[in-house]
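First the structure, in the form of structure tokens, and then the observations on it.
FYI, it's all coordinate maths here, none of it is from the lab. Bear in mind that the values here come from a model prediction, so they are computed numbers and not experimental data. Cβ atoms come from the backbone with ideal geometry, glycine included; neighbour counts cover every protein chain shown.
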Amino acid sequence: MNTMRTAMLIAFMTAMFMSIGYLIGGGGGMMIALVIAAAMNVFSYWNSDKMVLRMYNAHEANEHTAPEYYRIVRELAQRAGLPMPKIYVIDNPQPNAFATGRNPENAAVAATTGLLQRLTPQEIAGVMAHELAHVQNRDTLTMTITATLAGAISMLGNFAFFFGGSRNNNPFGFIGVLIAMIVAPLAAMLVQMAISRTREYSADRRGAEICGNPLWLASALRKIASGAHDIVNEEAEHNPATAHMFIINPLSGRGADNLFSTHPDTENRIAALQALAAEMGQPGSQFESMPGGASPSPSSRSPLRGGGPTPLQPWGSPDDDQDALPPKGPWS
């Protein structure tokens, strides 16, 4: 099903590329657009994940540079029966995360420094389980191809303004250029929205099953949504076509960028997770004493560590006991 969806997406994007090429340059423009689209499809399959990671200046982390982050992802991957993905860190204060890669064997997850610093280890586990659900569902190929081609289609629409109006072989003249400029980004946005709604709900549910506690992800979503609203992600603002890849829309809504809002309503997602927690017989949320998803005090106790109160440092440190996971509960 996911393979068919990806094939349909590529075919639709290719047809859109060709249509814009025809509006700009007639039959010749359509053939040039076809060649470009074919080349981009091949490039997207093999390299779009690397391209997106470079857009956000993500750098790879490991068990030495980010031990607790690495440990959380490793144990979740084992629970999900997935190969260990590469893990990346994005130096950005906005809390957010995404997954990428053409298949589970070539997957990567990326988290911002804002997410790793603001969320508790339980909440980070909920977020990373959501991203691994995307990997397991093979959503990541669709997401990365969509990001690359949607951005290229929007760029082609902008080119139409500069190069389309003066071409003698443009069958529709300036009207065709205007159609290309307006329809191209809107069509790309509609494709992103069409694949985003059910994909996010599905990943929320599967992620909750992987980590074992839907309330961890519910609390994380509330904090991330609040942070995304208050903190501008400049890289995302410059690359709005990648917004659908993140767990929460990273765009601030400035200007026309809010046209690319592709995520379901956060409160609806939280409500669905709370309903799932009730189905799973989970006890009351441990975050209820933190209205609005406020971050716990730095001295709060982390259930992912043994002993008494310790600072919540999702990155971990070389002096921490990295094997001190609780013997019982969702992690066991």
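Data for the structure
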item: Residues Phe246, Phe43 arranged by fewest to most Cβ contacts within 10 Å; result: Phe43, Phe246
item: Radius 14 Å from Cβ of Met128, net charge of other residues (Lys, Arg +1; Asp, Glu -1); result: -1
item: Exposure proxy ranking, count of Cβ atoms within 10 Å, fewest first, for Val89, Val109, Val35; result: Val35, Val89, Val109
item: Net lengthening on full extension, Ala15/Ala275 (0.36 nm per residue, minus Cα-Cα); result: 89.5 nm
item: Positive minus negative residues near Met84 (Lys, Arg vs Asp, Glu; Cβ under 14 Å); result: -1
